[in-house]
Amino acid sequence: MKIFHSINDFQIASGENAKKTILTLGTFDGVHFGHKKILEKVTQNTENEKYESLVLTFFPHPRMVLQEDSDIKMLNTIAEKIELLDKIGIQNLVIHPFDESFSRLTAEEFVKNILVDQFHIHKIIIGHDHRFGRNRTANIDDLKAFGEQYNFEVEEISAQEIKEVSVSSTKIRQALIDGNVALANEYLGYDYSLTGIIIKGKQLGRTIGFPTANLKPEENFKLIPQNGVYIVKSVIKSKTVLGMMNIGLNPTVEGKNQTIEINYFDFNQDLYGQKITVSILERIRSEEKFDSVAHLKEQLEKDRNTALEYFKNQ
């Protein structure tokens, strides 16, 4: 997959080798089942190699720019989104820096200058409720009219098709905020994950038989699930390692800041400074404050048994 970091960077072969594009656009946060329905239509349209597939997406998320009070968190980092789109078979990805000047483009400026002149569009595949242009005033009917004017096709994803896969990034975010990671994973079609660098923590866990790797997420805009204890796994040096993870404040020892601590089972390697991805599989319980470290240890032993039973049944 070719990756371009702005619309102006996009180039496609010229002359006899020039191909027009089959395009879709959106933030595609999560690249979930609903998104895949659209993206797979794009790749199916390019199977005869006459056209090239193109996804236009944006960073930062438009809501981060246009809504000052927005505290929206993302389901994917840019690296994760790239990997997911590549797996689907998208040939060209444009990640455009979204800003206020871009938001002020009129619908016709967007269509003529970008879709037609820059992207050499043959067809756009888009949801029935898509709106675009300054103040999002143009709709699917306007897009079809532009298609007739500038000679490109518009394929509309109907409300019924989208409803068949009743998934949205908003629903997935809410599931994670609620701690319902199993539901989020079902909607996504893959395991939600956090990637970051392992840093030194208070090292309390090792004194009670539960040494932890403290994860510092690589991006601060990535959504962290609700505080609690989760069943997790990682691939470390080509080996799948099982474990459990606590997200929270460590109230038993009067913690003040949120930490992400992973206790890996049957694993004893120094991970400090390493970049690790943690796949989150299931939630065990909420974070609790125990009246002693001994009671905390008892609960951690129960949590580990719960996690091991989960893996045994998989």
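Every number here is computed from the coordinates shown, using simple stated rules; none is lab data. Treat the numbers as computed from the prediction; the structure is a model and nothing was measured. All Cβ positions, even for glycine, are placed from backbone atoms using ideal geometry, and neighbour counts span all protein chains on display.
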Would you list 278, 235, 167 from fewest to most Cβ contacts within 10 Å? 235, 167, 278
Return P(r) of the chain (all Cα-Cα pairs; 20 Å bins starting at 0; whole %; ordered from short to long distances). 29, 48, 21, 2
Quick check for me: using +1 on Lys/Arg Cβ and -1 on Asp/Glu Cβ, what's the dipole size of the chain about its Cα centre, in debye to the nearest 20? 780
Nearest 5 is fine: what % of DSSP beta bridges in the chain come out antiparallel, could you say? 60
Using Cα atoms only, what is the angle between the long axis of helix 33-44 and the major principal axis of the chain, expressed in degrees (0 to 90) to the nearest 10? 40
For the pairs 87/171; 2/222; 202/237; 2/200, note any where the Cα-Cα span goes beyond 32 Å. 2/200
Placing one equal point scatterer on each C-alpha of the stretch 2-167 and summing with Debye, one gets log10 I(q)/I(0) at q = 0.15, 0.18, 0.21 Å⁻¹ equal to -0.85, -1.29, -1.80
Given the options 249, 56, 176, state which has the largest fluctuation in a GNM of the chain using a 10 Å cut-off (strictly under) for Cα springs. 249
Which of 169, 6, 279, 101 has the fewest Cβ neighbours within 10 Å, and the rest in rising order: 101, 6, 279, 169
Quickly work out the residue 309-to-residue 11 label distance, labels modelled 7 Å from Cα along the C-beta direction, and quote it in nm with one decimal. 6.1
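Could you please rank 61, 295, placing first whichever residue has the fewest other Cβ atoms within 10 Å of its Cβ?
Result, fewest neighbours first: 295, 61.
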Quotient of C-alpha Rg and 2.2 N^0.38 Å, computed over the stretch 170-314: 0.99
What do you get for the angle between helix 78-88 and the principal long axis of the chain? Use alpha-carbon atoms, 0 to 90 degrees, nearest ten. 70
